[in-house]
Amino acid sequence: MVSPRAVAADVLVVGGGMAGAIAALAAREAGARVVLARRAPGATALSSGAIGVAPDPLALPGEPLRAAREPLEAARRLARLRPDHPYAVLGERLGALPEALAFAARVLAPLLAPPLERPRFLATPFGTAVPAALCQRSQAAGDLLAVDGALVVAGLRGHLGLDAALAAAGLERYRARGGPRAFAVEVDPGLGEVGLFRPHELARALEPPGAAEALGRAIRAALPAGAGAALVPPVLGLRPEARVPERVAAAAGIPVAELLADVPSVPGVRLQAALEAALAAAGVEVVQGALQGAGPGKPAMVGADEITAPRWVLATGRFVGGGVVRRGTLREPVLGLPVQAAEGREAGVDLAARPAASLTGAARSGPQPLLSAGLRVDALLRPLDGRGRPAADGLFAAGAVLGGHEQASDGTGLGVAILTGYLAGRAAARPGGGE
Amino acid sequence: MATRAGALSYLAWRALVAHPLRRLFRRRGTGLERFRAAYVAEGLGPTTPEDRAIGEAASACVACGLCELGCELAVAAPAVRALGLHAAFRLYSRSVAELPLATSALAACAGCDGCDALCPTGVPISRIVRHLRAKVLGEGAAPAQGDRG
Ligand SMILES: Cc1cc2nc3c(=O)[nH]c(=O)nc-3n(C[C@H](O)[C@H](O)[C@H](O)COP(=O)(O)OP(=O)(O)OC[C@H]3O[C@@H](n4cnc5c(N)ncnc54)[C@H](O)[C@@H]3O)c2cc1C
Ligand code: SF4
Ligand code: SF4
């Protein structure tokens, strides 16, 4: 048993996913003493590892590669169509998006590739293309608009997670629209007897010296003439510092990129690991455990630690992270803040008090009030109480705990986490907290 | 026709002779003992309130697989690789009759608690694994180490 310990800080961040980590790093850079409390990995570790900011709402479904608008312009369009979306709620402050993305790219520099003016179009294992404003270095070479030559989808023998022929056939559809030619090949990762691998096991097995190089050589041997880049399953190492993608590409002699991941997502775990490394490097104190407390200025308990800070950033995520829970009705469990849901023009706390099952619709493409339920905030990211006033002094919220976006499916999840985390962290670093 | 008559006479024999005789001479005992005598042999043990609490805790699992990253056994032991411990309780925690299928995976758990802090939805994994393990290996079968009750 560790003895109780009192910790004082300027800013307490609750939640260690993308939103919490970016908030803590932004507050730290602004000079604040920051403590971050986190219970476990959340949605960030389950994401594809590529950062969706704003799919262009005017893009035609069959023509994703044409929607090459820069992220801020796409986010502004989205905000005009979706008045509850955090991008719309932020008003003028949405203009900080490029700065926030540049900040994230900088603090996660070893992992993330530098952003382009346009999104990169990355391939899923199902052969579709998804725009990403920021992505990992291991994913960048797969940008469908940048491949120079044919794109080779390399399935790995013994890995059940990818049907390379299916992916290649899907990608061929984009050829008429500016995408590359796509082929499928199968390569043997050379990992010996072990028959079938799960993604995490394969990723770990590729980390030791020699393993990534052997895979690279196997890819090289399988390449057809005219190959410009190879796409492999998203299994290139769990730990960023093992540098598996770089080693595979060097041995293959051509750019190698990972496909986007489904769960369980190796690149998502890598993103979470990179966030934790950045927090440690910046001098943010991370405490492990579920936080219980009454809000800014009052002591909060995390395990045996008692943490007091005048300003808090609540970045507890949605259903996966635990920031919003279903207990009959929808609740925010840390501070008991009202959860709002919107259905068509109707919005409010009453809706969230309905049985959760009544907040889903049968039409898959229609709005799903349950999936966009969360906290309502003002333009300064201060959570609002039932009457629309800031719920507590010095309290900010960021990331998926904010309502108004379907974070896991609308293509804005990690973008919202970065922008709101950045703004909330900087606001919380200022003693006045706010303007 | 013959089979039908045979079946009916078998049922009649059970209802009129075998069952009354068994009632006359059956072992006395509490309801639980009699329930066990009748059903445990078929793999259908009684569901205790603790079992129900464990089933409820396990139902928060979203099958994300993150807990396996912290479980060294899931990498090392073939039985656990084939059936991760989280899969064991996802598949079998509510189906007592099938729980024995997960025996080797459950038996491999070292009780190290490496998994709990990795679960996004807060499933008390090591507690559930301990409970299922005790159930399938016989009461009191505690993991080698690190059991914090
Ligand atoms: C399966 C899936 C795939 C996705 N794929 C993508 C994608 O490809 N691209 C994209 O841009 N977005 C994607 N998203 C959305 C994106 O992952 C999320 O919107 C984003 O990660 C949210 O980040 P967050 O920091 O707000 O929450 P989370 O990452 O969920 O973090 C919440 C944190 O809060 C902690 N916490 C909660 N309560 C407490 C408490 N009481 N005490 C202490 N800590 C607490 C949790 O333990 C966790 O650390 C996906 C989401 C899902 C679920
Ligand atoms: S407690 Fe058991 S299941 Fe959990 S990590 Fe340790 S060995 Fe694996
Ligand atoms: S980490 Fe939790 S939710 Fe994910 S598979 Fe394991 S027990 Fe289930």
Exercise. Of the numbered conditions (1) over 20 Å from A:Leu116 (Cβ atoms); (2) surrounded by fewer than 23 Cβ atoms within 10 Å (Cβ to Cβ); (3) away from ligand 1 (no atom under 16 Å from the Cβ), A:Arg76 satisfies every one except a single condition; which is it?
Worked result: (1)
Exercise. Does any residue of segment A:49-63 turn out to be at pLDDT below 95 and in contact with a Phe, Trp or Tyr (Cβ under 8 Å, 6 or more places away or on another chain)?
Worked result: yes
For this session: State the number of residues belonging to segment A:247-290 that are open to solvent by less than 50 Å² (accessible area, probe 1.4 Å) and either within 13 Å of another protein chain (Cβ to nearest Cβ) or in a helix (DSSP H, G or I) (or both).
Result: 23
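Would you pick out the residues in segment A:3-36 that are within 14 Å of another protein chain (Cβ to nearest Cβ) and part of a loop (DSSP other than H, G, I, E, B)? Write out each step before concluding.
Here is the first cut: in segment A:3-36, the ones within 14 Å of another protein chain (Cβ to nearest Cβ) are A:15-18, A:20.
Matches in segment A:3-36: A:Gly15, A:Gly16, A:Gly17.
Of the residues A:Pro299, A:Pro333, A:Pro310, which is out of contact with any helix residue (DSSP H, G or I) (no Cβ under 6 Å at 6 or more places or on another chain), open to solvent by 30 Å² or more (accessible area, probe 1.4 Å) and within 14 Å of chain B (Cβ to nearest Cβ)? Write out each step before concluding.
Working: A:Pro299 fails: within 14 Å of chain B (Cβ to nearest Cβ); A:Pro310 fails: within 14 Å of chain B (Cβ to nearest Cβ).
Unique residue meeting the criteria: A:Pro333.
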For this session: For segment A:385-397, state whether one or more residues are within 20 Å of the chain's Cα centre (by Cα), more than 16 Å from ligand 2 (Cβ to nearest atom) and open to solvent by 10 Å² or more (accessible area, probe 1.4 Å).
Result: no
Seminar exercise, completed: Just one listed residue, out of A:Pro114, A:Pro208, is away from chain B (no Cβ under 14 Å) and surrounded by fewer than 23 Cβ atoms within 10 Å (Cβ to Cβ), and it is A:Pro114
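Does B:Pro100 meet the test of being in contact (Cβ under 8 Å) with a residue 24 or more places away in the chain and more than 14 Å from chain A (Cβ to nearest Cβ)? Steps first, please.
Values: in contact (Cβ under 8 Å) with a residue 24 or more places away in the chain: yes; more than 14 Å from chain A (Cβ to nearest Cβ): yes.
The answer is yes for B:Pro100.
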For this session: Go through (1) open to solvent by less than 40 Å² (accessible area, probe 1.4 Å); (2) within 14 Å of chain B (Cβ to nearest Cβ) one by one and return the number of the condition A:Arg39 breaks.
Result: (1)
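Here's the yes/no breakdown for (1) surrounded by fewer than 19 Cβ atoms within 10 Å (Cβ to Cβ); (2) assigned to a helix (DSSP H, G or I); (3) modelled with pLDDT of 90 or more:
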{"residue": "A:Gly127", "(1), (2), (3)": "no, no, yes"}
{"residue": "A:Gln139", "(1), (2), (3)": "no, yes, yes"}
{"residue": "A:Gly142", "(1), (2), (3)": "no, no, yes"}
{"residue": "A:Ala154", "(1), (2), (3)": "no, no, yes"}
{"residue": "A:Leu166", "(1), (2), (3)": "yes, yes, yes"}
{"residue": "A:Leu171", "(1), (2), (3)": "no, yes, yes"}
{"residue": "A:Gly190", "(1), (2), (3)": "yes, no, no"}
Problem set entry | Count - residues of segment A:74-115 that are assigned to a helix (DSSP H, G or I) and without any contact (Cβ under 8 Å) to a residue 60 or more places away in the chain | 11
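Can you name every residue in segment A:229-241 that is away from ligand 3 (no atom under 16 Å from the Cβ) and either at pLDDT below 95 or open to solvent by less than 10 Å² (accessible area, probe 1.4 Å) (or both)? Can you show your working first?
Of all residues in segment A:229-241, those away from ligand 3 (no atom under 16 Å from the Cβ) come to A:229-237, A:239-241.
If the condition is that a residue be away from ligand 3 (no atom under 16 Å from the Cβ) and either at pLDDT below 95 or open to solvent by less than 10 Å² (accessible area, probe 1.4 Å) (or both), then A:Ala229, A:Ala230, A:Leu231, A:Val232, A:Pro233, A:Val235, A:Leu236, A:Gly237, A:Arg239, A:Pro240, A:Glu241 are the ones that fit.
Filter segment A:173-187 for residues that are touching a residue at least 24 places away in the same chain (Cβ under 8 Å) and farther than 15 Å from A:Ala230 by Cβ and give the result. Can you show your working first?
Let us first name the residues in segment A:173-187 that are touching a residue at least 24 places away in the same chain (Cβ under 8 Å), namely A:173-174, A:177-187.
Hits for segment A:173-187 are A:Arg173, A:Tyr174, A:Arg177, A:Gly178, A:Gly179.
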Problem set entry | Subset of segment B:61-97 that is within 12 Å of chain A (Cβ to nearest Cβ) and of a type in the set (Gly, Ala, Ser) - its residue that is surrounded by the most Cβ atoms within 10 Å (Cβ to Cβ) | B:Ala74
Problem set entry | Unique residue being without any contact (Cβ under 8 Å) to a residue 40 or more places away in the chain, on the phi > 0 side of the Ramachandran plot and not acidic (Asp, Glu) when the list is A:Gly127, A:Gly149, A:Gly226, A:Gly210 | A:Gly210
For this session: Mind telling me which of the residues A:Ala400, A:Ala408, A:Ala417 ends up being within 14 Å of chain B (Cβ to nearest Cβ), within 14 Å of ligand 1 (Cβ to nearest atom) and surrounded by 24 or more Cβ atoms within 10 Å (Cβ to Cβ)?
Result: A:Ala400
Exercise. In this structure, does A:Pro233 turn out to be within 27 Å of B:Leu118 (Cα to Cα), within 16 Å of ligand 1 (Cβ to nearest atom) and of a type outside the set (A, V, I, L, M)?
Worked result: yes
For this session: Residue by residue through segment B:109-129, note down the ones that are near ligand 2 (Cβ under 7 Å from one of its atoms) and away from chain A (no Cβ under 14 Å).
Result: B:Cys109, B:Ala110, B:Gly111, B:Cys112, B:Val129
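Residues of segment A:400-427 being in contact with a Pro (Cβ under 9 Å, 6 or more places away or on another chain), small (Gly, Ala, Ser) and either within 16 Å of ligand 3 (Cβ to nearest atom) or not in a loop (DSSP other than H, G, I, E, B) (or both), which ones?
Within segment A:400-427, the subset in contact with a Pro (Cβ under 9 Å, 6 or more places away or on another chain) is A:401-406, A:410-412, A:415-416, A:419-420.
Those still in the list that are small (Gly, Ala, Ser) too: A:403-404, A:411, A:415.
Matches in segment A:400-427: A:Gly415 only.
The values are calculated or read from the model by the stated rules, or taken from the named source; none is laboratory data. None of these values were measured; they are calculated from a predicted model. Backbone-built Cβ (ideal geometry, glycine too); neighbour counts: all protein chains shown. The accessibility values were calculated without ligands, DNA or RNA, using every heavy atom of the protein model including side chains. Shrake-Rupley method; radii C 1.70, N 1.55, O 1.52, S 1.80 Å.
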